[in-house]
Amino acid sequence: MTPQQGGCLCGRIRFEVDQAPDWVTVCHCRFCQKVTGSAYMIEPMFKLEALRIIAGSPIHYSHHSGGSGLLVHVHFCHDCGTRLYLTFERWEDRLGVFAGAFDDPGWFEMSPKTTKHIFVAKAQRGTLIPAGYRTFGAHAATPQGVSLAPEILAETLEIRR
């Protein structure tokens, strides 16, 4: 696979990954809404060693997750504030990249096979949750890491709160 690069708005931090994500999470929780300033976060998930910083040094902010109670570390550019990726106390061997930080934010596959929607119970009004995708009202696993059963929608759901 050709390495995929990304970076911050000011260009001081650059990174690359050399593999496709293990899966993609579309998260509708309030944390992700606030950290992105949007309705949800698209987060391709990788093994920690898949990401390589090729320029600059991100700093991080640690936040206790309202969902798991464990720390989530937001890595970002000190100069321009661009959020780049998340690391987790809960999954020490994983990281989630903010999809918009990639030079080509649509390079990875997003299909019902590779993608899940979590915290759908917190999704903003007007959000469309597509049919056929695995969905979860909150987390997709218990704090101990046990996978939960998804709901797979037969038709697209429009959130109408």
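The values are calculated or read from the model by the stated rules, or taken from the named source; none is laboratory data. Because the structure is predicted, anything quoted here is derived from the model rather than measured. Neighbour counts run over all protein chains shown; Cβ positions are idealised from the backbone, glycine included. To get the accessible areas, we keep the full protein, side chains included, count just its heavy atoms, and leave off ligands, DNA and RNA. Shrake-Rupley method; radii C 1.70, N 1.55, O 1.52, S 1.80 Å.
Legend note: in the chain, cysteines whose Cβ sits 4.7 Å or more from every other cysteine Cβ are Cys29. Sequence-distant contacts, meaning Cα pairs under 8 Å at least 6 residues apart, place the relative contact order of segment 56-161 at 17 percent. Ratio of Rg to Rh for segment 63-104: 1.02 [Cα atoms; Kirkwood radius as inverse mean 1/r over pairs]. With contacts taken as Cα pairs under 8 Å at a separation of at least 6 residues, segment 51-118 carries a relative contact order of 18 percent.
The orientation-averaged projection of the convex hull spanning the C-alpha atoms of segment 1-124 amounts to 7.3 square nanometres. A 1.4 Å probe run over the protein chains yields, for segment 36-161, 55 Å² of accessible area per residue, whole-number rounding.
Take every pair of alpha-carbon atoms less than 8 Å apart whose residues are at least six positions apart; their mean separation over the length of segment 14-54 yields a relative contact order of 55 percent. Beta bridges from DSSP with both residues in the chain: antiparallel share about 85 percent, rounded to the nearest 5. Only lysines eight or more places from Lys47 in sequence, or on another chain, were considered; those with a Cα closer than 26 Å are Lys34, Lys113, Lys116. Note on segment 19-64 and segment 81-118: Cα centroid distance 5 Å, given to the nearest whole angstrom. Ligands, DNA and RNA left out, the accessible area of segment 1-50 computed with a 1.4 Å probe is 50% carbon and sulfur.
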